[in-house]
Amino acid sequence: MRKYFLAITIFPFGVFAQEVPKLSDEMAIKLSEKPLHCITQEYPNKTAHIINNSDEVALSPKDLHPSFYGCFDWHSSVHGHWMLVKLLKSKPHLSVAKNIESILENSLTKENLQTEADYFTKYQLTATFERTYGWAWLLKLDEELTTWDNPKAKIWHQNLKPLTDKILASWKSFLPKQTYPNRTGVHPNTAFAMGFAIDWARANKDSEFEKQLTEKVKYFYLKDEKTPAYLEPDGSDFFSPSLEIADLMRRVLPQKDFVQWLNTFYDQRSLKNIEKIPVVSDLNDFQTVHLVGLSFSKAWCMKGVAKSLPESHPLKRDFLKTANIFLNNGLPLLFQGNYGGDHWLASFAVYALEE
């Protein structure tokens with residue numbers, strides 16, 4: 001396997017290209033500042049709400065979504081909440097723990113979350129709202145609460161249940177009708193969402209949903225060969241379409257079958273390309289800054305794939321090494337931009353830094 005040496009920006013908080021990035025307490029506090037600030041920031045806002053009549057014109061983001069109105073858009077607010085839950089759960093001793101808990105207490109109330117659930121029946125044309133990216137992050141938030149043995153987490157989990165049930169019902173209804181996967185590098189990417197959905201189904205022991213997802217995953221991707229990853233990325237991608245598929249397939253195939261599948265999925269030309277660091281020409285551009293997130297999502301996919309490979313497979317060490325390069329590239333950029341990245345990138349970083 002050839003090695004590709006790439007220029008790395010040195011991270012000002014003591015993380016260097018040669019080191020394995022960790023979610024230290026210092027890093028966690030610094031990252032937490034992003035959602036702590038934006039979860040209650042209502043504007044600017046991209047609601048994605050379809051206005052059906054004149055009565056809905058005056059509705060504010062907070063009117064529509066009393067829990068998830070901040071962080072520029074609904075899905076970013078949802079994964080900002082996931083991130084805060086994750087940090088509070090894994091690092092309850094942080095100096096910002098009380099601030100995090102206060103934010104969650106205000107957002108995840110029974111009343112607010114019932115309104116969030118009612119949104120999908122109160123208004124017309126909501127069947128496609130946040131399908132399936134926002135749906136995936138909502139299930140990831142619920143999964144984090146489900147697996148946390150904490151009194152407040154149990155309350156928040158129960159409060160979230162009407163919305164979780166609504167998303168789950170929508171997904172179970174949609175899957176049989178989804179004839180083709182979305183192989184994009186942005187929000188509608190099917191492989192990313194299905195991976196989170198499978199994680200949720202297993203954590204919640206929903207075998208029916210897991211079976212439905214697994215069957216569809218194999219239908220979509222099992223016959224994929226020589227994926228044209230040499231064409232990645234598009235100009236505003238925050239996902240690698242090919243790596244998201246690989247990270248999904250390692251969830252549903254036994255190791256031997258996954259290795260066979262992976263060996264035919266990538267050729268050397270594509271492997272060489274996906275190991276290149278994205279060039280981010282303008283951190284202040286709300287679309288171009290997506291490419292910072294691409295470093296984080298590539299890192300978590302490569303770590304997931306590597307974990308599923310046998311020790312003898314050449315991509316195991318190569319992907320782990322490259323994942324660290326992507327993390328060390330993305331982390332300094334996260335702190336150099338503006339609200340275009342501030343409202344969402346920290347969540348990607350935390351997920352990518354997970355062991």
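Descriptive notes on the structure:
- Sequentially through region 171-186, phi angles give Karplus couplings (6.51, -1.76, 1.60; θ = phi - 60°) of 5, 5, 6, 6, 3, x, 8, 7, 7, 10, x, 8, 9, 9, x, 10 Hz, Gly and Pro residues having no value and appearing as x.
- Accessible area expressed per residue, region 75-133, with surrounding protein chains retained (probe 1.4 Å, Å²): 43
- Per residue, the average separation of C-alpha pairs within less than 8 Å and at least 6 apart gives region 53-199 a relative contact order of 26 percent.
- Paramagnetic reach from Asp55 (point 7 Å along Cα→Cβ, amide N under 19 Å) across region 98-136: 115-127
- Karplus-derived HN-Hα couplings along region 124-137 (A = 6.51, B = -1.76, C = 1.60, θ = phi - 60°), whole Hz, x at Gly and Pro: 6, 6, 9, 4, 9, 4, 6, 7, 10, 5, x, 4, 4, 5
- GNM result for the chain, Cα springs below 10 Å: residue of Lys177, Lys154, Lys256 fluctuating most strongly: Lys177
- Working from Cα pairs under 8 Å separated by at least six residues, relative contact order for the chain is 20 percent.
- For region 279-342 versus region 214-250, the inter-centroid distance based on Cα atoms is 16 Å.
- Long-range amide H partners of Ile51 with built H, under 5 Å: none
- Sites Glu19 and Glu111, calculated FRET efficiency, Cβ-Cβ separation with R0 51 Å, nearest 0.05: 0.65
- Karplus-derived 3J(HN,Hα), 6.51/-1.76/1.60, for each residue of region 41-56, Hz, glycine and proline x: 9, 7, 10, x, 8, 10, 6, 6, 7, 7, 7, 8, 7, 5, 5, 8
- In the chain, the longest principal axis of the Cα atoms and the axis of helix 290-308 are about 60 degrees apart.
- When the Cα gyration tensor is reduced to axis lengths a ≥ b ≥ c, the ratio a/c is 1.5 or higher for region 169-320, and with a/b not above b/c it is classed as oblate.
- Per residue, region 274-355 exposes 33 Å² of accessible surface when a 1.4 Å probe is rolled over the protein heavy atoms with every protein chain present.
- Under 15 Å of direct C-alpha separation, and excluding same-chain neighbours fewer than eight residues apart, Lys154 reaches these aspartates and glutamates: Glu101, Glu105, Asp142, Glu143, Glu144.
- As a fraction of the 1.4 Å probe accessible area of region 37-85, surface on carbon and sulfur atoms comes out at 55 percent.
- The angle between the Cα long axis of helix 241-252 and the longest principal axis of the Cα atoms of the chain comes to about 80 degrees, rounded to the nearest 10.
- Region 163-220 - accessible surface per residue (Å², probe 1.4 Å): 44
- Over region 227-300: Kirkwood hydrodynamic radius from C-alpha pairwise inverse distances, Å: 13.1
- Options Val252, Trp200, Asn150, ranked by Cα towards positive dipole end of the chain, top entry (Cβ charges): Val252
- Rounded tilt (10° steps) of 207-221 against the dominant C-alpha axis of the chain: 50
- Using C-alpha pairs under 8 Å with a sequence gap of at least 6, the mean separation divided by the residue count of region 92-161 gives a relative contact order of 40 percent.
- Length released on extending from Glu42 to Leu222, taking residue separation times 0.36 nm less the Cα-Cα span: 60.6 nm
- Taking the 1.4 Å solvent-accessible surface of region 116-182 as the whole, the part contributed by carbon and sulfur is 52%.
- Net lengthening on full extension, Gln124/Gln260 (0.36 nm per residue, minus Cα-Cα): 44.4 nm
- Take the convex hull of the alpha carbons in region 187-271; its mean projected area over all directions comes to 5.8 nm².
- Overall, the accessible surface of region 213-347 at a probe of 1.4 angstrom is composed of carbon and sulfur to the extent of 49 percent.
- One entry in (i) 25.7, 94; (ii) 19.8, 63; (iii) 21.7, 84 is Rg and Dmax of the Cα atoms in Å calculated from the shown coordinates; its label is (ii).
- Choice from Val57, Val252, Val305 with maximal GNM fluctuation in the chain (Cα, 10 Å cutoff): Val57
The values are calculated or read from the model by the stated rules, or taken from the named source; none is laboratory data. This is a predicted model, so every value here is computed, not measured. Cβ coordinates were reconstructed from backbone atoms using ideal geometry, including for glycine residues, and neighbour counts include every protein chain displayed. To get the accessible areas, we keep the full protein, side chains included, count just its heavy atoms, and leave off ligands, DNA and RNA. Shrake-Rupley method; radii C 1.70, N 1.55, O 1.52, S 1.80 Å.
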